[in-house]
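Since the structure comes first, as structure tokens, the remarks are kept for the end.
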Amino acid sequence: MNRPPQTVLLRPLVALSLLVIAMVVARTVADAVGLKAPWYLLHELTVMAVPMVWLLWRVFPRLGESDRIGFVVTSGLFITASAIAELLAIQHRYWWFYEGHDALSGLTLGAIPLEEFISYPLLLNVPMLWFLELSLARPDEPVLGEARSAKLARWLRRASAGALVVAGGFVALALQDRGATDVTTGAMADAAGAIRYSAGPKQYGWTIVQALGWAGTFALAAAVAHRVRWRTLLIVVATYFPFALFVELLACGRGWWVWNAQQTVGVFAWVLPVESFSMYLTGALMPVLCFEWLRGLWADEPRSAALIPERR
């Protein structure tokens, strides 16, 4: 039996909103009394880790074997890839840190703040677990028919190819300027209080990453267009994107990380480059689509619309 929509969707979102508000109020009060704390880490352990642990506790015991394997493998792939990407991104100064407002914890891995390694697994697991929670609550949601899914897949493959062309164009631009980055350059607050960072040649590194992310997202979507629950996936995007963008805005506003303008196209909405908006769309879509694709490799009925429940 399907649970009421308000139970499945609204209550967790209200609880998460209250948690976010509580953390913002706590940090504001701390600022007012001059209390310094590693708010980046504290934010991760509450606003990010609490929802993920709750969803994991809710979802994992109810999954069938193929779905559990799909989740574990997808999570492992993204955690590994994000750690490697983190090392490369910091090395090339895709972003940097500003501690004028909040200090980091001081814990590091390979000279990179521990907070950075924690953030990606949390942010990438949440949309996948949220998709599973909603899917298990709505097992009778229909999928696209064969004709519609085939047409959609064709458009998605074209979009994937287009994103690769865009990435290739920015790579060509980047190769025209391969000067060294001055690692002594630091982030600073401008006259309006927005924290800015700009160092090195114009190489569009983060723009290229986002274009490649869209290429992979579209390719995965084409591969699973016939069985993915598109309505549920759109709900995940619509609810996850504002939450993740708030985390991004808070992080950049406080200087927990500050994007290097030289690694973006240079178009900003206050402190957020346009690539940030892209990042949390692909961040919501790609883990879910990767899970669906991997699940189909070993599921008994890969074209089935329903997740396979655990048999006891």
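Every read-out reported here was derived from the displayed coordinates using simple, explicitly stated rules and does not represent laboratory data. Please read these numbers as outputs of a predicted model, since none were measured by experiment. No Cβ is skipped: glycine too gets one built from the backbone with ideal geometry, and neighbour counts run over all protein chains shown.
Pull out a ≥ b ≥ c, the square roots of the eigenvalues of the alpha-carbon gyration tensor of the stretch 48-116, then state rounded if a/c is under 1.5, prolate if not and a/b is larger than b/c, and oblate in the remaining case. Each step should come with its number before you reach the end.
On the way: a/c = 3.80, a/b = 1.88, b/c = 2.02.
Cα axes put the stretch 48-116 in the oblate bin.
For the chain, the equivalent ellipsoid built from the Cα gyration tensor has semi-axes of 34, 26, 16 Å, listed from largest to smallest. For the stretch 274-285, putting each phi into the Karplus relation 6.51 cos²θ - 1.76 cosθ + 1.60 with θ = phi - 60° gives couplings of 4, 4, 5, 5, 5, 4, 8, 7, 5, x, 7, 7 Hz, in residue order, rounded to whole numbers and with x for Gly and Pro.
Loop-only check: which trypsin sites (Lys or Arg not before Pro) in the stretch 1-103 are DSSP coil with at most 11 other Cβ within 10 angstrom? Please report the intermediate quantities before stating the final value.
On the way: sites: Arg27, Lys36, Arg58, Arg62, Arg68, Arg93; in loops: Lys36, Arg93.
Loop-located and lightly packed - Lys36.
Before rounding to the nearest 500, sum -39500 (n - 2.57) across all DSSP H runs of length at least 4 in the chain and divide by the residue total; then give [θ] at 222 nm in deg cm²/dmol.
On the way: 9 runs with 189 residues, N = 312.
Taken over the chain, the calculation gives -21000 deg cm²/dmol.
Springs between Cα atoms under 10 Å define the GNM used for the chain, and in it the highest mean-square fluctuation of Thr264, Thr181, Thr217 occurs at Thr181. Counting neighbouring beta carbons within 10 Å and listing from fewest to most, the residues Met188, Met52 come out as Met188, Met52. Of all DSSP beta bridges confined to the chain, the antiparallel ones make up roughly 90%. Here's the picture: a label point sits 7 Å out from the Cα of Ala269 along the beta-carbon direction, and within the stretch 206-230 nothing has its amide nitrogen under 16 Å of it.
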